[in-house]
Every structure is written in structure tokens, then in C-alpha cells.
Amino acid sequence: MKIALAQVNPTVGDIDGNQSRIVEWIEKARAEGANLVVFPELAVFGYPPKDLLLRQDLIRRNVRAMEQIAERCVGITAMVGYVQPDPSGAGKGIFNSAAICRDGKIHASYAKRLLPTYDVFDETRYFSPGSGPLVTEIDSGSGTIRLGLTICEDLWNDRQFIGRRVYGFDPIRQTAAAGAEVIVNLASSPYVAGKQAEREAIFAEQIREQGAPLVYVNQVGGNDDLIFDGAGLVLDGKGQVIARTEAFAEDLLYADLETGGRVESYPDRIPGICRAVVLGIRDYIRKCGFEKVIIGLSGGIDSALTAALAVEAVGADRVCGVAMPSRFSSDHSLSDAEALASNLGIAYSVIPIEDVHRSMEIAVADHFKDQSPGIAEENIQARIRGAILMALSNKFGWLLLTTGNKSELAVGYCTLYGDMCGGLAVLSDVPKTVVYEMSRYLNAEAKRPGIPENVLTKPPSAELRAGQCDQDSLPPYEILDAILEHYVEEDMSVDDIIGCGFDRATVEEVVRMVDRNEYKRKQAPVGLKVTSRAFGSGRRMPIAARCH
């Protein structure tokens, strides 16, 4: 049986556009002689749809689109994810479903049974769970094969995934027991660095237990903060990969259950993070309708990496860099920013802020006169820069990309209404140490000069006062990032982190800064998720809390 894995990039809510893409790929698959074409979870509606699922007009449009897609399924069977109304009207009133389409109609629909509520997921808010397995017979051209249909979380055996049972049953085991000779899984599984190999290992163990091959099709593309990597695959009954789609790109892959198909490789960790962020930037810009992006260039590593990734995403002609020196800016800040812009081929301009800065200092002088100069005076500069960049964004309709990294955002080493101004936080889930790794990787891969070497080697500094360095206020980034990984991503306690060999005073201060700055993160722009616990929808913390 020839199977087509249709790894598409849907836009949430764009039901007409998603329908057109699905129909186009059904016709391609039929022209290539495929017996079956499989699309991702909620391919008609887009994932995650969030509160758009409360819109009954969109639910109805999605159903009509699914029926029209089914009408095009003649001479081929398609499995397509969509939102299915519950005819009983009970529960949430809708299912996260997959339609089996053939002979010009919807032959049957399967409703997702396991609805995740951890991390970024909130599916029980919207959907009712399905009630049982679905096995259907597909004509392979030389006979029939019994395929069991499942959706995303149904395949994530909780015992294997997190070491304990969360759900009361195993849909894969039940589907195999119902007579499925092949398991098909439609997914919208977000990217996390390192997840691809882990995901494949979990699936392989599931499949080896059941002895039935797996066809897994995952959504690709960026939707808000989430990035979907695709990387669909076919496993034989022994859990061996016999076909795999390309990661981070749309792909239509043909495979046979016996002979397999094309097998693409997973990118390594740093190349994978780079490709994920580039895809996230590109789709955010495209799906939100922006033509160009603007970036404040400080001469530092974060703005340099952000600019380089933006160029990879949308091209140099759509990226504008602006340097805004103050009296505290070093000579190399401007020269490094200019060299970066020249290397990348982006538009570059300089807007000095000294006069505005002086005016602001004069305006507040009477109010500040009895206080020693400190962070408030330093942050005036950051807020002037934020206002200028937002003015340019507002005037020309450009998307302002913020440049702060996860380490800074975690401990509040950032300025509200200053460097936090913007529409998309490109590096907000990338620790500072990884920023350097990504920068060196992009330079090594570049066909032309990229990030200037001086940017990679000079001590990082916000340059808001004379002689300032990040390490004046923060632990070395290697130590800071390790503590943050334990606390933010692994939810370890202070004592447990100290038990890993870290200094108590340092750990307690880092944890205090993380907790104290939750209010800042609640006001930050949406950031692209690449780790297991990103700030935002994946880490829901109270602001007014005392937990230490």
C-alpha cells in the first residue's frame, strides 16, 4: 500500500486556505498513485485554535470544509483532522476528530480520547473525549488492511513518557486489540529541543509492544509561540524507522509499509533550535501580515543573533536595524552594529538618543535630586530606545523584534517599556549560553561574513552606565543558566539545586530574582518556545505569591 504523509503548515482559523492546501495535496497524492493520504491533527482548523473553538460560525465552516474535502476523495482515502460537533450536545459539544474520507464522503470519524492538560495544552477546556477505538479497512490495491486511527496524545503512553500512569487506559493497546494491523496517528506535537529522538523512542516502544506498524504525521510551522517541527515517520512492526519526513518544512512523503520510503535525518540540537526559531519568525510574520521587521542593534550578541535569524527567516531586504547610541555607548557598539548590518546586507540607520536622554534627565531632576543615581536613571535610556523603535514600527507597519534572551528574562535583567517593547520575543526561550552556540553555528554555516568576531568575544553589557558588564549584577552565565534550568525547567527546590553543587547564596539570589520578576514576564511580548518550560503559556505562575 502506498501511503502519502502530508505534512502541511496550516494557519489557525484560515479554514478556506487550509482546505485549499489539503485538497491540493490530496490531488497530488492521487496523481502519484497513493492509496492513502494522511494529514495532521486539526489540519482544517489549525492547531492550537484556543478560544476560536467557542465561535460556532467557525465550527460550522470547518464542518462544511471537511465535507467539501471529502467530496474530492475519489480513488483515494484521506485521513484529515477537523473539529467534529457532538450530535448528542453533551459535554463540551465538540470533538477533536479525524475524518476518514473516501468515495466522495466522510466514511467515519474518530474522536481523540486522551486530552492533554499539561505544559501548553488545555484541551479539556474545549473538547469532549472520544469513547472508543476506530478500526477501518483500506484497499491496498492487492487486498485490504485494517488501520486503527488515533490522534496525537493517544500515542503518548504516559507510563513511558513521565514514568507514571496519568490516564486510565491505553488507546494504542485498545486499538491493536480491536484488530488494527497498522496504527495511524494524526498529530500536532510542538517542538522542544531534543524532543524528536525522545518522541521516536516512545513511539518505537509502543509499536514493539503491539507489533503493528505506525504511520505518524505531525503538523509543521509556527503558530504564535508554538513551533511544530513535522518530522513525521513510518515505523515497521519492530519499531524501526522505514520513512521520515523533513523537519521544519512542509513535506509530502510517499512510503510503503514493506519497502519504506525516504528517510530524512533529524538536525542536531543547535541546528535544530536555529531552524525552529527561523520557522517561528517566518510564520509569525507571514501569518500576521507584516512586510518587514525592525531590530534595535546594540552591538551586542543578542541583537546580532536576532538580526541574523531574521535574515534567514525573511531575507535581508525585509530587515531594518537601528543603532541608538547614548553617551555610555562604547565605540565598538556602533562599529560592531554597522559591521553586522553590512555583513548581513540589511538596512541600517543611527538615531542618537543623547539629546532626548538629557531632556528626560532634566525633566525628572527635581524629583530625583535627593536620591543617588541608580537603575531608574539607567533605564531611561532603554525606554527612550523602546519608544523610538515603537514609533518606527507604528509609522511604517514593521514588526519590532525584541532581542532579550531567556537568562535575562528569567532574572529581570530587562526593562519594562524599554528593551522589552516589541511584537515578538525571538530569543525569550533561548538561554544566554545557547545564544553564543547558535551564533557560532550560524557563522560557521554562513557563505558570507556574519556576526562580527568582536561581538562573540567581548564581555556582554547593557551599556547603561560607564564600564557596565552583565557579570557586575549576575553570576557567570554558565552558572546562571544551569541554575535556571534546574529551577525553571525541572521545578527543583532550592535545596535540591544546592545539592547539585551550587553555592547556596547564589542559588537563593537567582531564585529570588526569578520569582520577583514574574510581573515583568506577564507583560512581555509573545516568545518562541524551544525548551520544555518556556515563560508564557507553558509556565503559568502567579505574580503575587510567596513560596520560599
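The values are calculated or read from the model by the stated rules, or taken from the named source; none is laboratory data. Everything quoted here is computed from the prediction, not taken from an experiment. Using ideal geometry, Cβ is built from the backbone for each residue, glycine included, and neighbour counts are taken over all protein chains shown. These area figures cover heavy atoms from the full protein model, side chains too; ligands, DNA and RNA do not enter into them. Shrake-Rupley method; radii C 1.70, N 1.55, O 1.52, S 1.80 Å.
General observations
- Estimated [θ] at 222 nm from DSSP helical runs (n ≥ 4, -39500 (n - 2.57)) normalised by residues in the chain, nearest 500: -11500 deg cm²/dmol
- Between the beta carbons of Ala544 and Asp139, assuming R0 = 51 Å, the FRET efficiency works out to 0.25 to the nearest 0.05.
- Extension gain, Phe169 back to Lys28 (0.36 nm per residue minus Cα-Cα distance, nm): 47.0 nm
- For the stretch 379-430, the alpha carbon positions stretch 32, 23, 9 Å along the principal axes, listed from largest to smallest.
- Listed residues Phe290, Gly130, Asn185: farthest to the positive end of the dipole of the chain (Cβ charges): Gly130
- Projecting the Cα positions of Gly75, Leu149, Phe45 onto the charge dipole of the stretch 42-176 (unit charges on Cβ atoms of Lys, Arg, Asp and Glu, taken about the Cα centre) puts Phe45 furthest along the positive direction.
- Glu509 versus Lys105: modelled label distance in nm, points set 7 Å from Cα along the beta carbon direction: 7.2
- Chymotrypsin sites (Phe, Trp or Tyr not before Pro) lying in DSSP loop within the stretch 93-125, provided at most 13 other Cβ fall within 10 Å: Tyr118
- Beyond 27 Å in Cα-Cα separation lie the following of the pairs Lys50/Lys112; Lys50/Lys432; Lys2/Lys105; Lys28/Lys529; Lys2/Lys529; Lys112/Lys529: Lys50/Lys432; Lys28/Lys529; Lys2/Lys529.
- Anisotropy class of the stretch 130-213 from Cα gyration tensor, a/c 1.5 cut: prolate
- Acute angle (nearest 10 degrees) that the helix 56-71 long axis makes with the longest principal axis of the chain, alpha-carbon atoms: 50
- Average projection, convex hull of the Cα set of the chain: 27.4 square nanometres.
- Calculated accessible area for the chain comes out at 41 Å² per residue, all protein chains present (probe 1.4 Å; ligands, DNA, RNA ignored).
- Partner aspartates and glutamates for Lys238 [C-alpha distance under 20 Å; skip if fewer than 8 residues away on the same chain]: Asp154, Asp170, Glu181, Glu198, Glu200, Glu205, Glu209, Asp256, Glu258, Glu264
- Debye intensity ratio in log₁₀ form over the Cα atoms of the stretch 341-390, taken at each q of 0.19, 0.31 Å⁻¹: -0.70, -1.20
- Per atom type, the chain shows carbon and sulfur on 50% of its accessible surface, probed at 1.4 Å.
- Annotation: the antiparallel percentage among DSSP beta bridges lying fully within the stretch 238-361 is about 20.
- Under a 5 Å amide H cut-off, with hydrogens placed 1.01 Å from N, Phe228 pairs with Tyr191, Gly221, Gly222, Asn223 among residues at least 5 apart or on other chains.
- Potential lengthening between Asp370 and Phe121 on full extension [0.36 nm per residue; Cα-Cα distance subtracted]: 84.6 nm
- Mean-position separation - Cα centroids, the stretch 2-71 and the stretch 476-498, in angstrom: 42
- When the square roots of the Cα gyration tensor eigenvalues are ordered a ≥ b ≥ c, the ratio a/c for the stretch 195-256 is 1.5 or more and a/b does not exceed b/c, which makes its shape oblate.
- Euclidean distance of C-alpha centroids, the stretch 193-218 and the stretch 106-151, integer Å: 16
- Given charges at Cβ of Lys, Arg, Asp, Glu: the stretch 354-450 dipole, positive-most of Ser428, Ala446, Thr403: Ala446
- Computed over the stretch 20-148, Kirkwood Rh from alpha-carbon pairs, angstrom: 15.3
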